[in-house]
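Shown next, in structure tokens, is the structure this report addresses.
The values are calculated or read from the model by the stated rules, or taken from the named source; none is laboratory data. Computed from a predicted model, the values in this text were never measured in an experiment. Glycine also receives a Cβ, built like all others from the backbone with ideal geometry; neighbour counts cover every protein chain displayed.
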Ligand SMILES: [Zn+2]
């Protein structure tokens, strides 16, 4: 069996390129995890996800506990087998979606009680229960249950919320069954307040985790604030453990966060964008519903090797979305996920060659070009 371990191969300023070894395979970092909400990366087969170069996907505990249920997934051989993804899977704790999706949620010191957004049935999530659900799903990486502090929050609200999350982090650690090649990540909270972020990081390090996530961002604070929080948080995290920025972001966010020492990301932007005609390319962001693509025979992104770009024109993709054909979201999701993976490959290579700043500048300059070449 493989021990759960992170190896750094190269650094460029604060950025790191490395490999996370897990029971289900290696994850080259920096890594972007496509979001497989309910046991599927929406509109993609598992083979298609693999073909983009993704090495790890994310599953959502909240969705899977309600439907089809964690016990059922366990009986059917675990989430890897259930969704045909033998590679590493990270599951979130369910807490974020309880707060954003569930009805009539009630938070107390011990956990959160909520009603399913599907059928109104009542459920309860505690730190121990969340860890148990993630074990039943067979998550390679388990996340601690935390409270995602709303934004904005006063310093007092942020402190109270962060301290609750730190108590839950301790309970999650105690509930987690150590298994070879499996890991548990803590989550730094503290809103936009540097001293709270530092206090939260110190509290988590005292407990001891296999990786450290930065949570409570990308909820409306804006990129400058996200980066300021990273500047205040990342230097307080251990050098030898993976760092995961939750729920971020745009390609530009990813570059800036990698430059600040982040190793792992997840976000619905490429997959949600793929279903809504929003294309992320080396020439910037396009809305494929735009009439200017109706007669455009060029590939979506000439530098991309995905099926949407190699085999089809912008005009065809435009037509699929106008006609509301399923193939439109399928092709564009594949493209967007592949673009994100290509970006991560480029970042890894640039860090290895100590050319990250030049790579970032060239990539950003490309987004501003609109010459259709
Ligand atoms: Zn493509």
Test of understanding: among 188, 192, which residue is touching a strand residue (DSSP E or B) at 6+ places or on another chain (Cβ under 8 Å) and closer than 19 Å to residue 232 by Cβ?
188
Residues to consider are 200, 191, 154; find the one that is over 18 Å from residue 243 (Cβ atoms) and crowded, with 20+ Cβ neighbours inside 10 Å.
191
Looking at (1) within 16 Å of the ligand (Cβ to nearest atom); (2) within 17 Å of the chain's Cα centre (by Cα), which is the one condition that is false for residue 217?
(1)
Condition test on residue 181, is it buried (at least 20 other Cβ atoms within 10 Å of the Cβ) and either over 26 Å from residue 163 (Cβ atoms) or within 17 Å of the chain's Cα centre (by Cα) (or both)?
no
Go through the residues of the stretch 158-170 one by one and say whether even a single one is under 25 Å from residue 3 (Cα atoms) and surrounded by fewer than 24 Cβ atoms within 10 Å (Cβ to Cβ).
yes
Restricted to the stretch 331-348, and to residues that are away from the ligand (no atom under 11 Å from the Cβ) and out of contact with any helix residue (DSSP H, G or I) (no Cβ under 8 Å at 6 or more places or on another chain), which residue is nearest to residue 290 (Cα to Cα)?
345
With respect to residue 9, determine if the residue is closer than 26 Å to residue 216 by Cβ and at pLDDT 95 or above.
no
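Do we have residue 256 as in contact with a helix residue (DSSP H, G or I) (Cβ under 8 Å, 6 or more places away or on another chain) and either modelled with pLDDT under 95 or farther than 23 Å from residue 60 by Cα (or both) here? Steps first, answer last, please.
Details: in contact with a helix residue (DSSP H, G or I) (Cβ under 8 Å, 6 or more places away or on another chain): yes; either modelled with pLDDT under 95 or farther than 23 Å from residue 60 by Cα (or both): yes.
When the stated conditions are applied, residue 256 passes them.
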Please tell me if residue 345 is closer than 20 Å to residue 45 by Cβ, surrounded by fewer than 17 Cβ atoms within 10 Å (Cβ to Cβ) and within 20 Å of the chain's Cα centre (by Cα).
no
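Table: residues versus (1) surrounded by 16 or more Cβ atoms within 10 Å (Cβ to Cβ); (2) touching a helix residue (DSSP H, G or I) at 6+ places or on another chain (Cβ under 8 Å); (3) assigned to a helix (DSSP H, G or I).
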| position | (1), (2), (3) |
| --- | --- |
| 64 | yes, yes, yes |
| 72 | no, no, yes |
| 86 | no, yes, no |
| 90 | yes, no, no |
| 117 | no, yes, no |
| 131 | yes, yes, yes |
| 142 | yes, yes, no |
| 146 | yes, yes, no |
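Considering 134, 97, which residue is closer than 20 Å to residue 246 by Cβ and at pLDDT below 95?
Values: 134 fails: at pLDDT below 95.
Going through 134, 97 in turn, just one is closer than 20 Å to residue 246 by Cβ and at pLDDT below 95: 97.
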Within the stretch 233-335, which strands (runs of 3 or more DSSP E) (wholly inside it) include 1 or more residues that are farther than 25 Å from residue 48 by Cβ and under 20 Å from the mean Cα position of the chain (by Cα)?
243-245
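Table: residues versus (1) in contact (Cβ under 8 Å) with a residue 60 or more places away in the chain; (2) closer than 30 Å to residue 55 by Cβ.
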position	(1), (2)
104	no, no
110	no, no
127	no, yes
151	yes, no
Go through the stretch 92-115 and give me each residue that's assigned to a loop (DSSP other than H, G, I, E, B) and touching a strand residue (DSSP E or B) at 6+ places or on another chain (Cβ under 8 Å).
92, 93, 94, 102, 111
Can you pull out the residues in the stretch 310-325 that are surrounded by fewer than 24 Cβ atoms within 10 Å (Cβ to Cβ), in contact (Cβ under 8 Å) with a residue 12 or more places away in the chain and away from the ligand (no atom under 11 Å from the Cβ)?
313, 315, 319, 321, 322
If a residue has to be more than 7 Å from the ligand (Cβ to nearest atom) and either touching a residue at least 40 places away in the same chain (Cβ under 8 Å) or surrounded by 13 or more Cβ atoms within 10 Å (Cβ to Cβ) (or both) to count, how many in the stretch 291-309 make the cut?
7
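Kindly evaluate residue 350 against the criterion of being under 21 Å from residue 284 (Cβ atoms), touching a strand residue (DSSP E or B) at 6+ places or on another chain (Cβ under 8 Å), modelled with pLDDT of 95 or more and in a helix (DSSP H, G or I).
Values: under 21 Å from residue 284 (Cβ atoms): yes; touching a strand residue (DSSP E or B) at 6+ places or on another chain (Cβ under 8 Å): yes; modelled with pLDDT of 95 or more: yes; in a helix (DSSP H, G or I): yes.
So residue 350 fits the description; yes.
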